[in-house]
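The values are calculated or read from the model by the stated rules, or taken from the named source; none is laboratory data. Being a predicted model, the structure only gives us computed values, none of them experimental. Every residue, glycine as well, gets a Cβ built from its backbone with ideal geometry; the counts of neighbours run over all protein chains shown. To get the accessible areas, we keep the full protein, side chains included, count just its heavy atoms, and leave off ligands, DNA and RNA. Shrake-Rupley method; radii C 1.70, N 1.55, O 1.52, S 1.80 Å.
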Amino acid sequence: MEVMFGALQDQIQKPWDRLAARARWMRRAKLAAMYGFLIAVSAPVLLPYFWMVTVAFSSKTGTVDTLILWRAMAILLPFVFGCWIWSTIGTTARQMFFGFAAITAVAVAAFVILVLPDLHLGNFIFIGERNFGDIVRETRTGSKKGEVSGGIDFPSVWLAFANSLYLAGGQTIIVAVIASLAGYYLSRFEFAGRAAMLRSLLVLHAFPVLTLIVPLFLILNFVGLLDQLLGVMLVLVGFELPFAIFIMKGFFDAVPWEIEMSALTDGASRRQTFVRVVLPQVTNGLIAISVFSFIRGWEEYIFVFTFLIDNVNWTMSLYMFFVRDDILGIDFGLVSAVGVFYLAPSLVLYLVAQKYLAQMTIGGVKG
Amino acid sequence: MARIEFDRIRKTWGDVVAVDALTLTIDDGEFVSLLGPSGCGKSTTLLMLAGIYAPTEGNLRFDGQVVNDVEARDRNVGIVFQSYALYPHMSVRENILFPLRFKKVAESEARRRVEEVAKLVHVDELMGRRPGQLSGGQQQRVALARALVKEPQLLLLDEPLSNLDATLRMTMRAEIKALQAKLGVTTILVTHDQVEATTMADRIVCMRAGRIEQVGTPDDLYLRPTSLFVAGFIGAPPINLLPGEAADGKLVINGFALTCEGSVAGDVTLGIRPESVYFADAGIRATVDQIEPMGRETLYRVNCPLGSITVLEGGSTFHRRIGDVAMLRFDLGDTLVFDRRTERLVKGAGAQLSD
Ligand SMILES: Nc1ncnc2c1ncn2[C@@H]1O[C@H](COP(=O)(O)OP(=O)(O)OP(=O)(O)O)[C@@H](O)[C@H]1O
Ligand SMILES: [Mg+2]
């Protein structure tokens with residue numbers, strides 16, 4: 001009996017080892033393929049940003065020096081490739097850690113030697129200097145101060161920054177407040193035309209907003225909001241709201257009726273119930289629509305370009321546009337630097353909020 | 001504590017009649033169970049008491065005062081939902097404290113009451129946790145604590161035990177019953193589990209399609225059901241219901257004639273509880289079809305001229321096997337006769353074997 005059993009086990013053991021080895025190998029191959037695919041599709045998106053940042057910190061007025069770009073790439077690509085390879089080779093957490101640490105150390109050393117000496121903050125001159133256009137032009141042509149002018153009259157970049165903040169922030173607050181109230185109402189109350197309203201919310205979102213630019217111009221002119229940030233803000237709110245309401249309705253749908261009934265019997269008023277019991281259940285949705293609204297306002301270009309004229313009303317996007325218009329032929333390092341300055345806040349916002357954004361699905365089921 | 005009166009309450013949603021012609025008085029401190037199948041209007045009745053729904057017609061009185069238009073928050077009613085409905089973003093302590101935030105209770109007094117009620121339902125160890133970190137039974141206790149902390153005049157329990165496993169359900173059944181007796185709060189328990197209703201409540205209100213079918217003690221409903229519906233709904237294993245025809249003192253079921261007492265005629269249904277049928281030396285000839293040992297008792301499904309009926313016999317050892325032939329008897333006093341057209345009990349009627 002004993003002997004027979006042992007023999008049987010031997011027989012089973014061999015193919016099982018082989019099967020397990022094959023499964024392990026397959027798992028690694030799949031992982032490698034997946035990472036490779038992700039790197040391949042994200043490269044075209046991320047590389048321009050990488051270049052923008054590199055150019056912003058390295059390029060010098062009047063010189064066209066692309067060598068630094070290639071040097072930076074020569075560090076980045078082996079680094080990414082190395083990480084990719086190691087992620088499929090390493091097995092234990094310890095191996096992973098030391099492998100990545102080694103690769104990173106090499107990359108940092110190469111960076112310090114090959115790239116760091118060429119980096120400088122000169123392109124960020126616009127942060128403190130309103131007349132950077134003239135200065136840049138003088139450097140370029142070697143002419144004296146006052147000889148070359150006639151460029152665009154730029155406001156302080158901080159004014160543009162504040163305008164953008166006001167536009168995006170104000171729009172976000174209005175959208176968040178209206179969308180949560182309307183979403184709640186749509187989710188909870190039965191009223192004539194409710195279904196039609198829900199359908200139209202999505203249809204509204206489908207229209208290209210640009211088609212309305214002429215009537216909107218006229219309307220803003222009539223109500224006296226042309227060339228005012230508030231006017232653009234209201235227009236943006238109008239376009240952002242339907243989708244935001246729809247998202248919020250989905251989140252409210254997921255909140256059980258019972259907790260509201262419970263709060264009411266516990267002595268809360270309807271408003272207290274909404275604020276203290278229902279709203280806390282939909283904070284993820286609120287964060288999601290707020291971030292999207294803010295970014296939408298931050299990057300807004302067409303409407304500010306059409307409806308804002310005076311340079312005290314410029315937003316960052318307009319500022320960026322005119323910098324490009326005025327300086328690009330002379331100094332692309334400066335244009336890139338403005339780009340980095342413009343990009344930074346939305347990047348920070350995304351990084352902070354990504355945990356919540358990842359949970360947003362249409363229908364609002366929370367993970 | 002309050003005395004509750006329903007006075008011809010009706011609740012409709014468009015064409016759907018959820019509750020109709022509900023008239024009922026519940027005494028101060030009484031423990032009443034609303035029993036009925038799914039969709040019969042139990043939750044609707046409860047939510048009308050809580051003030052979430054307003055009755056379409058009729059008056060609802062607490063201690064003689066009509067409360068139809070009194071808002072939920074002013075009624076001081078504690079409610080435990082089937083889903084517990086704890087506030088997910090608050091800790092257990094905050095959950096229990098929540099009802100007191102809307103009352104004029106000093107902070108220190110509120111804290112003291114929360115601790116006290118938490119001890120009462122044994123959740124004082126869990127105060128810092130979120131509802132998501134509790135088991136079903138613990139959530140249920142927290143919901144109970146939250147309902148009790150405001151010292152309600154009326155406690156409503158909507159299927160509070162249906163999400164618990166069998167053992168825990170039995171424990172909670174006893175605990176809730178003891179707690180109710182201790183606090184003396186008027187309590188209404190909604191359930192579709194007849195064991196829950198009969199074990200916990202002083203009085204059972206059996207509902208069907210929005211109407212009251214019968215009100216009475218557990219014994220009333222089990223031994224003296226007034227309708228076919230109640231007879232069939234109460235009791236596990238269920239009562240044997242045998243359709244037949246009565247005329248001239250005879251009740252004919254499946255061509256088999258029984259002697260019949262009382263003023264019975266026409267289409268009737270004979271009801272006999274499984275434990276009222278017993279094996280004897282002489283009687284109806286039956287063949288054993290199925291045997292289900294249930295621990296203290298054994299359930300036989302047998303085939304006889306009356307049809308297929310169940311017989312419950314005390315004792316865990318069974319003396320018969322499938323295919324065995326046995327004789328069955330039952331007594332006149334243990335039978336119920338229902339008029340099949342009205343579905344009502346025919347009072348004083350019964351049937352027995354003709355000798
Ligand atoms: N808000 C509502 N709108 C429309 N109809 C409703 C509403 N609430 C309940 N009903 C209907 O009223 C009837 C009674 O519902 P109720 O919830 O009171 O049943 P129940 O006895 O509690 O059932 P269950 O045991 O399944 O919980 C059902 O037919 C239901 O469809
Ligand atoms: Mg219900």
*Can you grab the distance from the C-alpha centre of the stretch A:268-346 to the C-alpha centre of the stretch B:1-78, Å, no decimals?*
53
*Calculated from DSSP H runs of 4 or more alone, at -39500 (n - 2.57) each and per residue, what is the 222 nm mean residue ellipticity of the protein assembly as shown, nearest 500?*
-16000 deg cm²/dmol
*asked:* Rg over Rh of the stretch B:1-134, using C-alpha atoms and the Kirkwood radius, what does it come to?
replied: 1.02
*Comparing A:14, A:355, A:60, which has the greatest mean-square fluctuation in the GNM of chain A with Cα pairs linked when under 10 Å apart?*
A:14
*Average partner chain C-beta neighbours within 10 Å, per residue of B:331-337?*
0
*Please sort through the DSSP H helices of chain A and keep those with an alpha-carbon extent of at least 30 Å along the long axis and a Kyte-Doolittle average not below -1.0.*
A:2-58, A:67-89, A:93-114, A:157-188, A:229-253, A:332-357
*asked:* Which of B:106, B:209, B:246 ends up with the largest GNM mean-square fluctuation for chain B, with Cα atoms connected below 10 Å?
replied: B:106
*Relative to the first principal axis of the alpha-carbon coordinates of chain B, what is the inclination of helix B:166-183, with its axis defined by its Cα atoms, in degrees from 0 to 90 and to the nearest 10?*
60
*Under a 10 Å cutoff between Cα atoms, tell me which one of B:253, B:204, B:234 has the largest fluctuation in the Gaussian network model of chain B.*
B:253
*asked:* If the only charges are +1 at each Lys and Arg Cβ and -1 at each Asp and Glu Cβ, what is the size of the charge dipole of the protein assembly as shown around the Cα centre, to the nearest 20 debye?
replied: 1640
_Partner chain coverage, peptide B:43-51 - average Cβ within 10 angstrom_ = 1
*Would you mind working out the accessible area per residue for the stretch B:45-184, using a 1.4 Å probe, and quoting it in Å²?*
44
*Kindly express, to the nearest 10 degrees and within the range 0 to 90, the angle between helix B:136-148's C-alpha long axis and the longest C-alpha principal axis of chain B.*
60
*asked:* Would you calculate the convex hull of the Cα atoms in the stretch B:252-296 and tell me its volume per residue in Å³?
replied: 140
*What aspartates and glutamates could a cross-link reach from residue B:11, if we take a straight Cα to Cα line under 16 Å and drop same-chain neighbours fewer than 8 places away?*
B:20, B:57, B:69
_Just to confirm the number: angle between the C-alpha axis of helix B:107-120 and the first principal axis of chain B, 0 to 90 degrees, nearest 10?_
20
*If the cut-off is a Cα-Cα distance under 23 Å, which lysines reach residue B:347, setting aside same-chain residues fewer than 8 apart in sequence?*
B:250
*Across peptide B:78-85, how many C-beta atoms of other chains are within 10 Å of each residue C-beta, on average?*
5
*Rounded Å value of the spacing that divides the Cα centres of the stretch B:219-233 and the stretch A:83-138*: 83
*Given +1 on the Cβ of Lys and Arg, -1 on the Cβ of Asp and Glu, and no further charges, what dipole in debye does the stretch B:44-88 carry about its Cα centre, rounded to the nearest 20?*
140
*asked:* Tell me which trypsin sites (Lys or Arg not before Pro) from the stretch B:271-316 have a DSSP coil assignment and no more than 10 other beta carbons within 10 Å of their own.
replied: B:296
*Can you pull a Stokes-Einstein diffusion coefficient for chain B at 4 °C (1.567 mPa s), Rh from Kirkwood over Cα pairs, as a whole number of µm²/s?*
57
*For chain A, count all C-alpha to C-alpha pairs, find those more than 27 Å apart, and express that count as a whole percent of the total.*
66
